[in-house]
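The values are calculated or read from the model by the stated rules, or taken from the named source; none is laboratory data. Nothing here was measured: the structure is a model prediction, and the numbers come from that model. FYI the Cβ positions are ideal-geometry reconstructions off the backbone, even for glycines, and counts take in every protein chain you see. Side chains are part of the model used for accessible areas, which takes the heavy atoms of the whole protein and leaves out ligands, DNA and RNA. Shrake-Rupley method; radii C 1.70, N 1.55, O 1.52, S 1.80 Å.
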Amino acid sequence: MSKPPPRRDPLTFTEVFDLPVAVDLRTAARALGICPHTAYRLIHQGVFPCPVLRVGGRFRIPTTPLMRILGIEERPVYAVDLEAGMDIEPDGGTS
């Protein structure tokens, strides 16, 4: 049974938010919309657009800088006022 070919389409917005703290180079390349070969070449030229960690014989890309390169902020998409609609009593209790 052969393995399916690796996905080449860019990551969706939802997939980006589900990423772990650091990703492998292929995932980072996919997020950036470049092929893995180009990503390796950029690393060896010292011009990959975000920090690259070498862990053993593998490259790992921290997700936070990757998200910044993609224009995604670290703050939540929707701001929610958790205390809206709650009346606070003078003694600190809620009604």
Please enumerate the residues belonging to the stretch 42-62 that are open to solvent by 40 Å² or more (accessible area, probe 1.4 Å) and part of a loop (DSSP other than H, G, I, E, B). Gly46, Val47, Pro49, Pro51, Val52, Gly56, Gly57
When the stretch 28-41 is examined, which residues are found to be open to solvent by 30 Å² or more (accessible area, probe 1.4 Å) and either in a loop (DSSP other than H, G, I, E, B) or within 14 Å of Pro65 (Cβ to Cβ) (or both)? Leu32, Gly33, Ile34, Cys35
Which pairs turn up if I take residues in the stretch 25-48 that are at positive phi and look for partners that are open to solvent by 40 Å² or more (accessible area, probe 1.4 Å) with beta carbon separation below 7 Å, at least 6 apart in sequence or on another chain? Gly33/Pro10
